[in-house]
Amino acid sequence: MMGKRGHKFSPENSTEKTGVVMPQSKVKERKEKKKDIKRYIDFPIDDHVFLNIYNSEFRRAMKKEHPQVTEQQLLHIMHHIESLQEWEVTAEEFREQVRDHFEHLPEGNNGSFLAFIPSFMRRFEIPYTGFDKW
């Protein structure tokens, strides 16, 4: 069945309420956009003591809550937290470095945990693993 403008009608490309027919290219474009949508979650401060420390220092320094992260970003963060644990970084050492991080935060840096991770090699003398697909 053909729509008013010569577009092929199908249930996938119509809106029942309005009767509007969308071209197949628009339907495909809409489906592709849905795949690109990133789901953001609150920064899970109760999942690890280091997350809790970072969040409390973030609130102290930035006067707001830590921004939400995607699930992929959280995996990236947790991977690096595990590295800190493997290298036996203590909660107090971590807090000291987080405070220093916020005291010397460059302009334009939003203070996210993700921005803190690249400094682990320097701050904690541990190897950076490069787990960067976030």
A careful count of residues in the range 50-69 that are free of Cβ contacts under 8 Å to residues at least 40 places away in the same chain and not polar (S, T, N, Q) gives 4
Filtered residue count, the range 88-100, keeping only those that are in contact (Cβ under 8 Å) with a residue 24 or more places away in the chain and part of a helix (DSSP H, G or I): 7
For the range 93-134, how many residues are modelled with pLDDT under 90, out of contact with any helix residue (DSSP H, G or I) (no Cβ under 8 Å at 6 or more places or on another chain) and open to solvent by less than 70 Å² (accessible area, probe 1.4 Å)? 1
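Just checking, does the range 72-81 include any residue being assigned to a loop (DSSP other than H, G, I, E, B) and open to solvent by less than 40 Å² (accessible area, probe 1.4 Å)? Walk me through it before giving the result.
Step one: of the range 72-81, the residues assigned to a loop (DSSP other than H, G, I, E, B) are none.
Looking through the range 72-81, none of the residues is assigned to a loop (DSSP other than H, G, I, E, B) and open to solvent by less than 40 Å² (accessible area, probe 1.4 Å).
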Among the residues that make up the range 46-62, is at least one of them farther than 18 Å from Asp100 by Cβ and of a type in the set (Asp, Glu)? yes
Taking only pairs six or more apart or across chains, which ones have beta-carbon atoms under 6 Å, a first residue in the range 70-87 that is over 13 Å from Lys38 (Cβ atoms), and a second residue that is aliphatic (A, V, I, L, M) and in a helix (DSSP H, G or I)? His80/Ile117
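The values are calculated or read from the model by the stated rules, or taken from the named source; none is laboratory data. Everything numeric in this text was worked out from a predicted model, so none of it was measured. Cβ atoms come from the backbone with ideal geometry, glycine included; neighbour counts cover every protein chain shown. Remember, those area values only see protein heavy atoms, side chains included, never the ligands or the DNA or RNA. Shrake-Rupley method; radii C 1.70, N 1.55, O 1.52, S 1.80 Å.
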